Ligand code: FES
Ligand SMILES: [Fe+2]
């Protein structure tokens, strides 16, 4: 079943729809849905993944949400197997560096930060963003929504900034960040999103009437028509594009319908391995919602109230999508993943 295009709609309905974004789109039961496995060709997904993985991420990794690091206390994370400490300098800019104190190796977590200087909890050694001979900072960037750390990574020539996807201005948007941990590698997270064909089958609570427009898609961009479910009767039909600005990021951008310019950025950060030696990957998803409707000003004003529900929706999807990504990793590790 395909979406009615906007031009199919009678003009009165179209005018109503301009004012009210939701549409009566009853959700089909699964026995009435078209299977998508013939379109979700393993070779096609593998090729798109290969193209995405060939991009240079410049050693940049998402380390969390901008709000995770305040002005008075340091935070540590393990990223790509390295302990990393994060804090803020005198002007609020992000500082990052090795997470072990250069004196006796204390973990620099929850240390006091005064005027941009971090004081180690064990013996008070002071570190600032300049570093010294015993401690050199990493590249660090706060894009207003997410925190990034630039680490030396073989095969990834360092770049001064992460490859940020275009966003509408943050003061015109409502944004929320969700994180979820999976036993898999970043490529399994990206591969999940490069298979949009699973959307209506695997997430019927969120999507229906999903079709990939092959005429507007290639190895770098997937164009999808989909209805976001509000209930079994009502939905919001949109057109969206998926693309990968770097090897560990996939972005969905609404290009037609309600919320044009809204983006959902999914970032996959390898953390290290668990006690069984399996890879752990943190999924950080930033939803940056925008709408040109006058009523959206109220939504921006209500952002603190809306964030929990945006996070809840994203988390529900990722609980399922991580099952997909973890299964993909498990099959790859066993050498049983279907080769195209
Ligand atoms: S371990 Fe940090 S000051 Fe001694
Ligand atoms: Fe999914």
*With a Förster radius of 45 Å, plug the Cβ-Cβ distance of residue 298 and residue 133 into 1/(1 + (r/R0)^6) and report the FRET value to the nearest 0.05.*
0.25
*Return the Cα extents of the stretch 60-150 along principal axes one, two and three, sorted largest first, each rounded to a whole Å.*
34, 28, 21
*Modelled label-to-label distance, residue 46 and residue 205, 7 Å Cα→beta-carbon offset: nm?*
3.4
*Separation of the stretch 93-153 and the stretch 230-293 by C-alpha centroid, Å?*
30
*Taking the Cα atoms only, what angle lies between the long axis of helix 42-53 and the longest principal axis of the chain, rounded to 10 degrees?*
40
*Once both axes come from the Cα atoms, what is the angle between helix 303-333 and the longest principal axis of the chain, in degrees from 0 to 90, rounded to 10?*
90
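Using Cα pairs under 8 angstrom and six or more residues apart, how large is the relative contact order of the stretch 60-150, in percent?
32
Read-outs throughout are calculated quantities, based only on the coordinates presented, and are distinct from any laboratory measurement. What you are looking at is a predicted structure, and each value in this text was computed from that prediction instead of being measured. Methodologically, a virtual Cβ is constructed for each residue, glycine included, from the backbone with ideal geometry; neighbour enumeration extends over all protein chains shown.
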